Structures are given as structure tokens and as C-alpha cells.
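Structure, as C-alpha cells:
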Amino acid sequence: MIMHKILEKRQYSPEVFYLRVEAPEIAKNRHPGQFVIVQIDTNFGERVPLTIADANAEEGWIALVIQAVGATTIKLCNKNVGDSIAAILGPLGRPSHITKCGTVACVCGGIGVAPMYPIAQAFKEAGNKLIVIIGARNKDLIVFEDEMKAIADELIITTDDGSYGRKALVTVPLKELCESQTPPDEVFAIGPPIMMKFCAETTRPFGIKTTVSLNTIMIDGTGMCGGCRVTVDNQVKFVCVDGPEFDAHKVDFDNMMMRMKAFRGREDQDRHKCKSGIFN
């Protein structure tokens with residue numbers, strides 16, 4: 001059996017970790033916007049979909065940024081360099097649609113900046129002017145700043161408490177860009193559902209093409225469980241097989257957020273069990 005060794009581990013915050021993992025075939029074949037299924041125990045282990053945050057085909061690794069919110073992600077974040085992950089399946093999902101359109105604004109909320117990184121890279125390599133907006137609750141939760149700074153023509157950072165960058169929500173600089181004499185030709189947003197909803201509402205009056213990634217609501221990643229059902233343009237879609245990216249102006253965010261609340265109780269229960277040592 002192929003095991004995937006952890007080559008590097010970083011801790012960004014108490015619950016957010018970066019893992020660089022051996023996965024040569026996935027690294028060779030992945031495209032921006034795609035994800036993998038991770039299973040830490042091949043016997044009865046939960047299958048968890050995680051977006052690929054970075055990859056190197058020559059060195060044969062992919063990078064994953066994980067938030068410890070449930071039993072499996074907590075176990076995964078407890079692994080260290082030299083440990084192995086039993087199974088990683090991918091790449092899965094439809095790749096991002098990358099074109100040369102002029103100016104692209106990539107809006108990232110929280111750890112949404114990690115899956116945005118390969119997408120932003122691709123837009124830049126396609127010849128676009130790249131503006132990146134990163135938002136978080138405070139300075140300690142800003143991640144991938146150096147990586148984005150290296151590729152962006154303009155980097156804007158906002159924090160809710162003003163501890164770093166501008167004290168503002170990401171929609172404030174986004175609206176300013178839309179109102180400028182040179183508005184972006186396309187906006188791409190990844191982050192908490194409420195953030196993506198208001199990014200869509202910000203760009204809607206200006207008629208600017210806006211895409212969102214709904215990877216946060218995936219569960220099994222194969223289309224079998226139906227947990228990632230979402231309404232797009234009054235049609236039922238499944239994020240893992242039809243997405244994870246959709247036209248932001250056609251997504252029913254209110255319905256999606258209501259469905260996400262269904263899992264919150266179990267996540268809180270698992271987090272308590274893991275921290276209490278009930279899960280090994």
C-alpha cells in the first residue's frame with residue numbers, strides 16, 4: 001500500500017495547520033481548484049475532502065491547509081513530520097476556468113486564501129493583472145501572506161479588529177475596486193459562506209463576473225452522500241461533482257448556510273471528545 005509521508009508541518013493558529021505531503025502522481029496531474037480525499041485509517045476511517053493549496057510536480061508533493069473542526073481533521077492535525085497518511089485520492093473536482101481577461105481580483109477570507117493560492121498563480125501566469133484581498137478576524141489568522149505577495153500586483157489586507165492592514169471587511173476594498181475607473185474584469189472569492197455571499201452582492205450591481213468555491217460544504221467528495229447539495233440558478237447541484245466552483249450571482253447562499261448548521265452540533269461534539277482524549 002502506498003503511504004503518504006508528511007514532509008513538513010506548520011501551525012498557523014490553534015486550529016489551522018499546513019501539511020506538505022508526498023503524493024507524486026497527484027502533484028503531476030492536479031489543476032487549480034481541485035481537491036483530494038484524505039483517509040487517515042483505511043479500515044473505517046472517514047473520507048475528508050481537502051482542497052490542494054500548493055503542489056510541486058518535480059518534487060512530488062502537495063500541500064494541504066487543514067482546520068481542525070471534526071474528529072478526523074483533529075487527528076490529521078495531530079500528525080507530525082515523518083508520520084504517514086494512509087490514503088489520498090485525487091485530484092478530484094472540476095478545475096478552475098482560467099482565462100486572460102485583464103484584471104482579476106481574488107478575495108480570500110480566513111483559510112480560504114490557501115485554496116485560492118494556486119488559482120491566483122494560474123490567473124497571473126495567464127497574463128492577468130492580479131489584485132489579492134486577504135481578510136481575517138485578526139493579524140494572527142492571516143496566512144499565505146508572503147506567497148500571495150510574491151505573485152500579486154497589489155495585495156490588500158484587512159482585519160476585523162484593525163490589528164493588521166485595514167480595519168475593514170473584505171467587501172470594503174472590493175467595492176472600492178468596483179467603483180474605480182479600472183474595475184476588475186473578474187472576481188474570484190473563497191472563504192466563509194457569509195463572506196462569499198456579500199462578495200457576490202457587492203459585485204452584482206456592477207455586473208462583474210464573480211466565481212466562488214463552495215468546497216467548505218463537501219463531505220464525502222464523490223456525490224454519493226448528498227451532503228453538499230446546493231441550489232444554483234434554481235437547479236440542484238452537488239459541489240463535489242458539479243463544482244466546487246459556481247457563478248456567485250446564481251448561488252442560493254441562504255439555503256446553503258442553513259444546511260451547514262445541521263452539522264455544527266456533531267462538529268462541536270467531536271471537538272470536545274478529541275480534546276478530552278476520548279478519540280485516539
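Worth a mention:
- Among residues of the stretch 181-214, those that are small (Gly, Ala, Ser), under 20 Å from the mean Cα position of the chain (by Cα) and not in a strand (DSSP E or B), counted: 2
- In the stretch 1-57, of all residues being assigned to a strand (DSSP E or B) and aromatic (Phe, Trp, Tyr), the one that is farthest from Ile142 (Cα to Cα) corresponds to Phe35.
- Unique residue being at pLDDT 90 or above, in contact with a Phe, Trp or Tyr (Cβ under 9 Å, 6 or more places away or on another chain) and farther than 18 Å from Met196 by Cβ when the list is Ile98, Ile62, Ile85: Ile98
- Verdict on Pro183 being surrounded by fewer than 23 Cβ atoms within 10 Å (Cβ to Cβ), in the same structural domain as Leu141 (by TED's automatic domain parsing) and farther than 23 Å from Asp153 by Cα: no
- Count of residues meeting criterion [surrounded by fewer than 23 Cβ atoms within 10 Å (Cβ to Cβ), assigned to a helix (DSSP H, G or I), touching a strand residue (DSSP E or B) at 6+ places or on another chain (Cβ under 7 Å) and of a type outside the set (D, E, K, R)] in the stretch 119-146: 1
- From Cys108, Cys77, residue being assigned by TED's automatic domain parsing to the domain that holds Ile217 and either surrounded by fewer than 21 Cβ atoms within 10 Å (Cβ to Cβ) or not aliphatic (A, V, I, L, M) (or both): Cys108
- Any hit, the stretch 68-81, residues being in contact with a strand residue (DSSP E or B) (Cβ under 6 Å, 6 or more places away or on another chain) and assigned to a strand (DSSP E or B): no
- Answer residue from the stretch 13-30, given it is touching a residue at least 40 places away in the same chain (Cβ under 8 Å) and touching a Gly at 6+ places or on another chain (Cβ under 9 Å) and is nearest to Val241 (Cα to Cα) among those: Arg30
- Qualifying residue in the stretch 238-252 (condition: over 21 Å from Pro95 (Cα atoms) and modelled with pLDDT of 85 or more): yes
- Test: residue in the stretch 34-48 that is among the β-branched types (Val, Ile, Thr) and over 22 Å from Cys228 (Cβ atoms): yes
- Criterion applied to Val104, Val113 was being part of a strand (DSSP E or B) and either out of contact with any Gly (no Cβ under 6 Å at 6 or more places or on another chain) or touching a residue at least 40 places away in the same chain (Cβ under 8 Å) (or both), and the one residue passing it is Val104.
One line per residue, one yes/no per condition, for (1) aliphatic (A, V, I, L, M); (2) over 15 Å from Ile131 (Cβ atoms); (3) without any contact (Cβ under 8 Å) to a residue 40 or more places away in the chain:
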{"residue": "Leu174", "(1), (2), (3)": "yes, no, no"}
{"residue": "Pro184", "(1), (2), (3)": "no, no, no"}
{"residue": "Lys197", "(1), (2), (3)": "no, yes, no"}
{"residue": "Glu201", "(1), (2), (3)": "no, yes, yes"}
{"residue": "Arg204", "(1), (2), (3)": "no, yes, no"}
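- Among the residues listed as Ile190, Ile208, Ile217, the single one being surrounded by 15 or more Cβ atoms within 10 Å (Cβ to Cβ) and over 24 Å from Val143 (Cβ atoms): Ile208
- Filter result for Met224 (within 20 Å of the chain's Cα centre (by Cα) and either assigned to a helix (DSSP H, G or I) or hydrophobic (A, V, I, L, M, F, W, C) (or both)): no
The values are calculated or read from the model by the stated rules, or taken from the named source; none is laboratory data. The shown structure was predicted, so the numbers you read here are calculated from the model rather than taken from an experiment. Neighbour counts run over all protein chains shown; Cβ positions are idealised from the backbone, glycine included.
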